[in-house]
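One structure below.
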Amino acid sequence: MSTRGESILPRRSPLAELRLVVRQVGYEQLSFWLNPIGAIFTVGFALLFLLMLGASAGSSRVSYLHNIKLVQYYVPGFIAYGVMAASFNSLAISLVIRRETGLLKRLRLSPLPTWTLLTSILLSTLLIAFAEVVLMLAVGRWAFAVQLPSGPSGIGALLVVLILGGLSFAALGIAMSTLIPNQQAAGPLTSTVFFVLLFLSGLWFPLKSGSALANISTFFPIRHFITAVFRTFSHPGASAWSGHDLLIVVIWGVVAAAVAFRRFQWAPRHT
Amino acid sequence: MPAVSVRGLVRSYGKVHAVDGVSFEVEAGEVFALLGPNGAGKTTTIEILEGFRDRDAGEVRVLGIDPGDRRSGQRLRSQLGVVLQELAVEPFLSVRQVLERNAGYYPAPRPVGEVIGLVGLTEKADAKVKTLSGGQQRRLDVGLGIVGNPALLFLDEPTTGLDPAGRRTSWELVRRLAGEGTTVILTTHYMEEAEALADQVAIIASGKIVAHGPPASLGGRDQGAATIRFQLPTGVTPDDLPMTVTGNGRSVELRTDRELEALYELTRWALEHEVRVTGLTVSRHTLEDVYLQLTGADPDRFQTDSASEAPVRG
């Protein structure tokens with residue numbers, strides 16, 4: 001019987017770890033897009049919603065919201081929805097599936113550094129969300145002639161809002177995954193929470209400020225995120241920033257990150 | 001230096017002592033089998049060695065590293081291979097893609113093509129994982145375990161769910177890896193698997209090691225009374241034989257601790273009377289006999305696996 005001496009391994013350099021992140025994001029993307037039904041469903045759902053609602057809105061206007069065209073509300077609304085669907089809904093469900101099938105445990109037992117894995121998952125989620133955003137901006141512009149964010153301040157504001165919002169809802173998605181006991185419950189539980197909150201937050205119709213729903217929804221982050229995205233679409237001259245809304249979204253994200261950090265599990269929970 | 005040394009290992013979940021003072025050593029290049037009923041503490045012990053779970057007490061060294069020390073965790077994990085019971089593979093990637101991805105996590109991986117050949121998936125190399133049969137997915141799991149070219153490989157019930165041919169292939173692979181100097185720690189419920197592969201076997205029950213040694217002599221099974229079994233020749237009754245046998249029908253046996261003398265008498269008698277004795281075997285306790293005796297036939301003695309309820313290092 002031959003034996004092997006212990007190999008002395010140098011630590012990876014930061015650059016090598018960064019390359020590992022890029023590589024892992026590549027495989028995350030490959031894994032996502034190679035599942036055509038999942039990919040089309042995730043990306044296409046928001047687009048389908050926008051097309052149907054946008055078409056049925058016609059030329060209606062919202063009298064209590066500066067008399068803007070309804071579709072001018074829907075495009076930013078569904079951009080926000082797309083980001084939330086990818087970073088909250090899809091991420092929560094996929095993390096539960098990965099945990100319960102042992103994928104997370106296997107990665108934890110490999111020498112891939114934990115931060116590399118989590119960063120790759122977050123980056124990959126944002127990439128998918130951004131693919132949706134670009135599609136919906138194009139539809140908003142060419143199909144509904146909506147006024148898009150313009151100028152460096154408008155586009156800059158949109159990017160910042162989407163990145164901070166995407167990360168915050170991803171943190172909420174990770175926290176949500178820690179509350180779900182098994183694979184079978186992942187889809188129904190997450191989608192129920194998500195769609196009830198979407199309804200309360202006025203995704204399908206802008207809430208009149210001061211109304212009961214509007215008061216309830218100020219507590220949750222969804223309406224604030226929609227508003228923050230909506231503001232980046234405002235007319236030149238008006239501020240593209242809604243710092244107060246963005247702040248509330250980020251606070252939710254930070255709290256969720258703390259919950260996720262405390263409760264995160266690598267091993268399957270099934271007995 | 002042994003590849004693994006464990007002294008006085010303790011891990012409790014609440015009031016349950018899942019692992020209760022376990023000690024053993026595994027030499028480099030050895031195949032070590034951990035046997036025991038579900039919930040006996042096998043998985044907890046292995047997860048502590050892998051650095052996946054914390055211990056409450058005891059000394060543990062794996063490849064010279066304390067697996068409880070998170071600072072050296074990455075150095076340890078880059079030398080470990082792990083095959084889990086779960087079929088944990090992304091369904092939409094191909095066999096080659098999954099192996100290539102994981103190979104990139106290790107400092108000195110085995111060539112992916114070689115791994116595919118070793119686990120017998122050459123024809124399925126470019127098939128999506130979800131199209132593989134259960135046995136093929138299991139083999140891919142083993143491939144993921146060895147792609148990092150580990151010095152120490154953990155196999156958790158590696159052949160559960162495999163057909164006999166698949167099991168033989170896996171055994172060949174384990175022997176080959178051991179021959180190359182890889183240390184292997186495996187758990188199994190199949191006694192013949194432990195007997196075929198392991199240099200050392202430890203039986204664990206209720207968190208304690210109740211027997212430890214080479215499979216051939218475990219629990220003193222190479223000593224004590226032997227059982228001689230054979231078929232009665234046609235036209236012969238037990239009374240015609242030169243010794244007292246028990247049994248019903250034509251299959252008879254006798255227990256003796258002087259089996260050499262008994263065999264001599266039997267064969268001399270058979271030759272003198274020109275009768276053919278068939279189906280002759282001499283055996284001592286099987287490994288399974290020893291196992292059942294040591295772990296207790298009463299299944300209620302052992303609680304179901306509570307390990308998965310417990311918090312894991314995060």
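Every number here is computed from the coordinates shown, using simple stated rules; none is lab data. Just so you know, these numbers come straight off a predicted model, no measurement behind them. Don't worry about glycine lacking a Cβ; one is built from the backbone with ideal geometry, like all the others, and counts go over all protein chains shown.
To keep it simple, each residue is scored yes or no on (1) closer than 30 Å to residue B:183 by Cα; (2) assigned to a strand (DSSP E or B); (3) of a type in the set (A, V, I, L, M, F, W, C).
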| site | (1), (2), (3) |
| --- | --- |
| B:211 | yes, yes, yes |
| B:216 | yes, no, yes |
| B:230 | no, yes, yes |
| B:235 | no, no, no |
| B:242 | no, no, no |
| B:272 | no, no, no |
| B:279 | no, yes, no |
| B:282 | no, yes, yes |
* To do: Please work out if residue A:165 is on the phi > 0 side of the Ramachandran plot and of a type outside the set (Ser, Thr, Tyr).
  => no
* Members of the stretch B:178-207 that are farther than 11 Å from residue B:34 by Cα and in contact with a His (Cβ under 9 Å, 6 or more places away or on another chain) -> B:206, B:207
* **Enumeration of residues in the stretch A:209-241 that are closer than 16 Å to residue A:72 by Cβ and surrounded by 12 or more Cβ atoms within 10 Å (Cβ to Cβ)** => A:226, A:227, A:228, A:229, A:230, A:231, A:232, A:233, A:234, A:240
* In the stretch A:237-270, how many residues are more than 14 Å from every other protein chain (Cβ to nearest Cβ) and among the polar types (S, T, N, Q)? -> 2
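For every residue, the table says whether it meets (1) without any contact (Cβ under 8 Å) to a residue 40 or more places away in the chain; (2) crowded, with 24+ Cβ neighbours inside 10 Å; (3) within 11 Å of another protein chain (Cβ to nearest Cβ).
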| site | (1), (2), (3) |
| --- | --- |
| B:1 | no, no, yes |
| B:24 | no, no, no |
| B:29 | no, no, yes |
| B:35 | no, yes, no |
| B:40 | no, yes, no |
| B:65 | yes, no, yes |
| B:73 | yes, no, yes |
| B:92 | yes, no, yes |
| B:113 | yes, no, no |
* Asked: Checking residue A:50 against (1) assigned to a helix (DSSP H, G or I); (2) under 15 Å from residue A:234 (Cα atoms), which test does it fail?
  -> (2)
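Checking the condition part of a loop (DSSP other than H, G, I, E, B) and under 20 Å from residue B:29 (Cβ atoms), which residue from B:158, B:107, B:91 passes?
Numbers: B:107 fails: under 20 Å from residue B:29 (Cβ atoms); B:91 fails: under 20 Å from residue B:29 (Cβ atoms).
Result: B:158 is the single residue among B:158, B:107, B:91 that is part of a loop (DSSP other than H, G, I, E, B) and under 20 Å from residue B:29 (Cβ atoms).
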* Residue count for the stretch B:161-186, restricted to those that are among the polar types (S, T, N, Q) and more than 14 Å from every other protein chain (Cβ to nearest Cβ) -> 2
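Please state which one of A:161, A:146 is part of a loop (DSSP other than H, G, I, E, B), touching a residue at least 12 places away in the same chain (Cβ under 8 Å), hydrophobic (A, V, I, L, M, F, W, C) and buried (at least 16 other Cβ atoms within 10 Å of the Cβ).
None of the others qualify; the one that does is A:146.
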* Total residues in the stretch A:181-205, condition in a loop (DSSP other than H, G, I, E, B) and surrounded by fewer than 20 Cβ atoms within 10 Å (Cβ to Cβ) -> 4
